[in-house]
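Participant: Please read through the structure below; I'll follow up with questions.
The values are calculated or read from the model by the stated rules, or taken from the named source; none is laboratory data. Values in this document were obtained by computation on a predicted structure and should not be read as measured data. Every residue, glycine as well, gets a Cβ built from its backbone with ideal geometry; the counts of neighbours run over all protein chains shown. SASA here: full protein model, heavy atoms, side chains in, ligands and nucleic acids out. Shrake-Rupley method; radii C 1.70, N 1.55, O 1.52, S 1.80 Å.
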Amino acid sequence: DDDGDGADRFAIPDDPATPGRPLAGRPSALPTPGRHSFSGADGPDLLACGRVVDKVQIAYATRAKKVDVRKLKAQMWKQVEATPESDFAQVVSRVAGEQRQKDVTMPFYFICLLHLCNEKTLKLEADGLTNFAVSTAG
């Protein structure tokens with residue numbers, strides 16, 4: 001069955017785009033008048049996509065925060081060890097009271113606590129959507 005050249009091995013017989021078939025029946029590569037469109041490698045007569053989603057302004061930090069995470073983790077671990085059964089808000093308030101670093105934000109406390117959970121096998125239990133219990137019984 002193989003004639004040696006292998007040119008039509010993967011051709012689809014009824015496809016008008018198969019090499020060697022006439023161009024009749026193929027879509028036009030010319031754009032439709034009155035519409036912004038593109039022709040080329042991506043295909044014929046593709047419509048230009050307009051802006052679909054409005055731009056949302058998000059207030060985010062414009063300068064990098066410099067926080068000694070190792071020191072913050074040590075302070076948090078000291079507080080968790082002192083009170084083995086407490087919650088996140090208590091740990092944060094106690095650590096924040098003795099905090100000398102000015103750039104520490106709530107996400108830093110949360111990330112440091114997650115690191116401590118991995119390192120010290122702490123147990124977290126949700127008390128709802130606003131707070132969660134932190135214990136050393138992990």
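Participant: Any idea which residue in segment 40-79 is nearest to I111 (Cα to Cα), counting only those that are modelled with pLDDT of 95 or more and in contact with a Leu (Cβ under 8 Å, 6 or more places away or on another chain)?
Facilitator: The qualifying residue nearest to I111 (Cα to Cα) is K73.
Participant: Here's a follow-up. Report those strands (runs of 3 or more DSSP E) wholly inside segment 51-138 carrying at least 2 residues which are open to solvent by 80 Å² or more (accessible area, probe 1.4 Å).
Facilitator: Hits in segment 51-138: 123-126.
Participant: Next question, about the same structure. Given (1) touching a strand residue (DSSP E or B) at 6+ places or on another chain (Cβ under 7 Å); (2) closer than 19 Å to D68 by Cα, where does A133 come up short, assuming only one miss?
Facilitator: Unmet for A133, out of (1) touching a strand residue (DSSP E or B) at 6+ places or on another chain (Cβ under 7 Å); (2) closer than 19 Å to D68 by Cα: (2).
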